[in-house]
Each structure stands twice: as C-alpha cells, then as structure tokens.
Amino acid sequence: MKILKAVREDNYVQFRQEVDGHNSTEEHDIKAHEAPLVSFDTHLQALAPVACKVLEFPPSYAEGATVKSVTVSHTKRGTRSVAIKIVKTLDATGNAHAITTPLFQIDDAAEGEEGRKQVSQAHADACGVFLLEVEKYASGERQQRLLPLDDTAAPVEPANGDVLDFKTKAEAPPPAKSTYGW
C-alpha cells in the first residue's frame, strides 16, 4: 500500500491510497468519519515546523498553524516527496489562510535516480512517522468505543451508535508542539 494523500478535517479523515490489484495497481479514495488515534493527530501537527522550515518561515510561524493535509508523490523506484498544507489565522486579516509547501524529497534517491533528501533527517523522519499513522488508520486502527459488558454499565456508545464523533474545535486540544526538538 502506498499512501498518496491524507486530509484531516474536523469530522473526518480522508485518504487516497494505491494498492496492488489483481493485474494492476488501483487508487482508492476513502473518507471515514471515525476518529483517528491520538497519535495520528499528534504526528500530523508535528509537521507544522517541517512546513515552516521548507517555506523558510521563522520557527515561530508554526505556533497556531494547523496542518490540514499531506500529499505524497512516489517515483517508480519508491523515492517519496511530500507537500504539506497548513492553515493559520493571520492577525492582519483575522481570516484563516492556507499555504502549501512545494513537493520536497524525504528519501535519498533510489539507485538509478537523481536527487537528494531535501530536509533534515529529523524532518524526514517526522514525515515518515505520520505516513505510518495514515497506514494504521487505513488498516482500521482508530479510536475505539468502550462496549458495555454488563447491564449495570453506563451507556458509552455514541447516540447514533455507529460513529465516534470528533471533538469540536472548542474541546480539541491546541496543536501539539513538536516532539522532535524543532
């Protein structure tokens, strides 16, 4: 499986993946309304400093920026490049503005290819860890509901019974600071 794109919105996660089919590869777009693991959001938001570094913004710009999506490009030999989209409300306008990095290579070029890793190893690792989180989500690892195992248990299922609601913006914690030291 190759992850091609991951988008995180308030009430869903959407991702595009390439999977090997019977005779060819197929792209699947999936939009899921189940909340991801906490580590998914932590690693996604840890990409804000990476985006700021690529865009040559000061590190302080990452404060208050929210990472919304990551797009991945793969060469025929597997070398990955990513683009990160961040959104930040600017003081001057009071409006949220989106900016996307150009594609930047996170792997050393495969044998027979040109190019080089275009970010530090720590930043490349942060991108790689997030892509692993997307693969876990795609494989079904998501926040789990507690099931009432006896009649005395308080109901813990969501009212509609089939999805776990995402936290509202007011309930959600602020974007996580990077654990990679940037």
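Just so you know, all these numbers are worked out from the coordinates, no wet-lab data involved. Values in this document were obtained by computation on a predicted structure and should not be read as measured data. Here the Cβ positions follow ideal geometry from the backbone for every residue, glycine too, while neighbour counts run over all protein chains shown.
Some points to look at:
- Residues satisfying the stated conditions in segment 1-58, i.e. farther than 21 Å from residue 123 by Cα and hydrophobic (A, V, I, L, M, F, W, C): 1, 13, 15, 19, 30, 32, 35, 37
- Residues of segment 19-39 that turn out to be touching a strand residue (DSSP E or B) at 6+ places or on another chain (Cβ under 6 Å) and without any contact (Cβ under 8 Å) to a residue 40 or more places away in the chain, as a count: 7
- Verdict on residue 23 being in a loop (DSSP other than H, G, I, E, B) and within 18 Å of residue 142 (Cα to Cα): no
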